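Written out below as structure tokens is the structure these notes cover.
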Amino acid sequence: MSHPLSPAGRGTRLEQLLDDLLRSTPEIESAAVVSYDGLPMANAMPGDMDADRVAAMSAALLSLGERAAEGLGRGLLSQVFVEGEHGTVCLVAAGDEGVLVGVAPREAKIGLVLFELKSTAAAIAEVLREPVIPAPSAAAAEGGMVAHVPPAPVATAPAPAQASWG
């Protein structure tokens, strides 16, 4: 089992948050956590959706949305909402490192969808803020012996004699 603060543990926690979101809000068909630079971090998507493609498209939408919000004097971007013929795609900021992407059908109650996405995005932001403990070396991970080499002794000058005040 991976440590909760290891990269694998973080991914597991993000996937659990996505699973909880989909379980508690059936109106959301799929969801993903992506980085601002377009890399997938976790996803709960059907097999016909490519997580890499979703992440890349989300990053492009976010970049354009940020420029539009700031350029039109609307301040910092907090969400992007795309409505299509068959449903909606919502992108909600999840702290400084990630974005929660939610996909819902056309008949979904969008207020409920946005509420649940924002709540989950806050939980995702908490996970992403936690420090990550680096994974152990391959030898240690496989239960192998890892040699410990003590540092070489440092040559020091002898300590000066101390005077005795007696």
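For Ser78, indicate whether it is among the polar types (S, T, N, Q) and surrounded by fewer than 16 Cβ atoms within 10 Å (Cβ to Cβ). I'd like the intermediate steps shown before the answer.
Values: among the polar types (S, T, N, Q): yes; surrounded by fewer than 16 Cβ atoms within 10 Å (Cβ to Cβ): yes.
Yes: the conditions hold for Ser78.
Just one residue in the set Ser35, Ser58, Ser6, Ser24 is polar (S, T, N, Q) and at pLDDT below 90; that residue is Ser6.
Apart from one condition, Lys109 fits all of (1) touching a residue at least 24 places away in the same chain (Cβ under 8 Å); (2) open to solvent by less than 80 Å² (accessible area, probe 1.4 Å); (3) farther than 25 Å from Pro131 by Cα; the exception is (2).
The values are calculated or read from the model by the stated rules, or taken from the named source; none is laboratory data. Just so it is clear, the model here is predicted, and its values are computed rather than measured. Cβ: placed from backbone, ideal geometry, glycine included. Neighbour counts: every protein chain shown. Side chains included, ligands, DNA and RNA excluded: accessible areas come from the protein's heavy atoms. Shrake-Rupley method; radii C 1.70, N 1.55, O 1.52, S 1.80 Å.
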